[in-house]
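Q: What follows is a single structure, and I will ask about it in a moment.
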Amino acid sequence: MTSGNDFKRILRKGQCQKTKAFNLYYYANDLGYPRLGLSVSKRVSNKATVRNKIKRVIREAFRCNATLLSPADYFFNVKPNSNMKGLGAIKSAVAYSLDKKKICNITMNNQGKN
């Protein structure tokens, strides 16, 4: 996802799942495949290399689970001071939250209400 309108739509109309490490917003789309959006602010870390590493780990976890996901837009907003010990913990938290609450079965009943 690259459009600001996509992010606004997810935040306004989508559902939210909160964890200790991040907030996951999701909203069904009609594209036929899942899309990913990320936000890792400077409050998470002042170092760009750390923020980019977190984004790479989340992208990899999303890629590994993408075949199980329904076509929707997924937006991860990483929280500062998430107390996640290592990047492996972040990856497992992403996989757990994508599986939790049966996100894999998002219904398309909210389509056409853009």
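The values are calculated or read from the model by the stated rules, or taken from the named source; none is laboratory data. All values reported here derive from a predicted model rather than from experimental measurement. For neighbour counting, all protein chains shown are included, and Cβ atoms are generated from backbone atoms with ideal geometry for every residue, glycine included.
Q: So, in the range 23-40, of the ones that are of a type in the set (Ser, Thr, Tyr) and out of contact with any helix residue (DSSP H, G or I) (no Cβ under 7 Å at 6 or more places or on another chain), which residue ends up modelled with the highest pLDDT?
A: My answer is 39.
Q: Does the range 62-71 include one or more residues that are of a type outside the set (D, E, K, R) and more than 16 Å from residue 97 (Cα to Cα)?
A: Within the range 62-71 (the criterion being of a type outside the set (D, E, K, R) and more than 16 Å from residue 97 (Cα to Cα)), the answer is yes, since at least one residue qualifies.
Q: Report, by residue number, each residue of the range 17-29 that is closer than 21 Å to residue 57 by Cβ and either in contact with a Lys or Arg (Cβ under 7 Å, 6 or more places away or on another chain) or not in a loop (DSSP other than H, G, I, E, B) (or both).
A: Listed by number, the residues that qualify are 17, 18, 21, 22, 23, 24, 25, 26.
Q: Working carefully through the options 51, 59, find the one that is surrounded by 12 or more Cβ atoms within 10 Å (Cβ to Cβ), among the basic types (Lys, Arg), assigned to a helix (DSSP H, G or I) and within 10 Å of the chain's Cα centre (by Cα).
A: Every option except 59 fails the conditions.
Q: I need the full set of residues from the range 42-74 which are more than 17 Å from residue 1 (Cα to Cα), among the hydroxyl-bearing types (Ser, Thr, Tyr) and touching a residue at least 24 places away in the same chain (Cβ under 8 Å), in order please.
A: Matches in the range 42-74: none.
Q: Is it fair to say residue 97 is surrounded by 17 or more Cβ atoms within 10 Å (Cβ to Cβ) and at pLDDT below 90?
A: It is true that residue 97 is surrounded by 17 or more Cβ atoms within 10 Å (Cβ to Cβ) and at pLDDT below 90.
Q: I'd like to know if the range 73-87 contains one or more residues that are exposed (fewer than 14 other Cβ atoms within 10 Å of the Cβ), in a helix (DSSP H, G or I) and either at pLDDT 90 or above or more than 13 Å from the chain's Cα centre (by Cα) (or both).
A: no
Q: Are any residues in the range 1-24 among the aliphatic types (A, V, I, L, M) and either buried (at least 16 other Cβ atoms within 10 Å of the Cβ) or under 11 Å from the mean Cα position of the chain (by Cα) (or both), and if so, which ones?
A: 1, 10, 21, 24
Q: Name every residue in the range 51-99 that is farther than 18 Å from residue 35 by Cα and of a type in the set (D, E, K, R), in order of residue number.
A: 51, 53, 79, 85
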